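S.K.: Quick one: structure below, then a few questions.
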Amino acid sequence: MTAEVSQIGRETYEDSNRLLDATNRQLLAALHDDPRLSMAGLARRVGMSAPAVTERVQRLQRAGVITGFRMEVDPAALGLPVTAIVRIRPGPGQLPKIAEAARQTPRVVECYRITGEDCFVLKVHGPSIADLEETLDKFLVYGQTTTSIVVSTPVPPRPLPLWDESPDGD
């Protein structure tokens, strides 16, 4: 899977927002529940024909509303039980090198460019603390790291809200 930088512009956002009628929200909710659902199965769930659903899903993909279909795997099941969140404060001129190092490090599963004193936040998986140290050492040449070990995930990754909801879920 090729990593792409999300850069949705204002026009794309407004166009996408117009696409989110009640039917398309139902399609998105069904795909959130089961991304492997066939177009025929999806059509049955929303009471439409498979060709009509296929066209709607393709339109949502072209507009950038649907950016992919993903599988979730438990890192511990792959022998990577240690998860860490790493903040990086780059040295002068090191910004692009950190982004490239993150792209080239398979155990870095997420990388965010952020505001503030730290410029990057990474999510890293590893088999042990010692292995995590080796991974972090790759970034120390570019700046200062601050690492937090994840002990639990009270809110696991979840779909974005699809309906008009208040920010706190009321």
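S.K.: Give, in nm to one decimal, the length gained when the segment between Ala76 and Lys97 is fully stretched (0.36 nm per residue of separation minus the Cα-Cα distance).
M.R.: 4.7 nm
S.K.: With everything on Cα atoms, drop me the angle between helix 50-62 and the longest principal axis of the chain, reported from 0 to 90° to the nearest 10.
M.R.: Between the helix axis and the principal axis of the chain, the angle is about 40 degrees.
S.K.: Another question, then. In Å, what Rg and Dmax follow from the Cα atoms of the chain?
M.R.: Expressed in Å, the Cα Rg and Dmax of the chain come to 19.7, 57.
S.K.: Right, here's the next one. Dipole of the chain, Cα-centred, from +1 at each Lys and Arg C-beta and -1 at each Asp and Glu C-beta, to the nearest 20 debye? Don't jump to the answer; show the numbers that get you there.
M.R.: Details: 19 positive and 22 negative charges, 93 e Å.
So the magnitude is around 440 debye.
S.K.: Helix 22-33 against the longest principal axis of the chain: what's the angle in degrees, Cα atoms only, rounded to the nearest 10?
M.R.: 50 degrees
S.K.: FRET efficiency for Ser49 and Val121, Cβ-Cβ distance as r, R0 = 45 Å, nearest 0.05?
M.R.: The formula returns an efficiency of 0.55 here.
S.K.: Against the 2.2 N^0.38 Å scaling, with N counting residues, where does segment 75-149 land? I'd like the Cα-based Rg ratio to two decimal places.
M.R.: Normalised Rg, Cα atoms only: 1.03.
Every read-out reported here was derived from the displayed coordinates using simple, explicitly stated rules and does not represent laboratory data. Keep in mind that what you see is a predicted model, and the values were worked out from it rather than measured. Ideal geometry is used to build each Cβ from the backbone, glycine not excepted, and the neighbour counts take in all protein chains shown.
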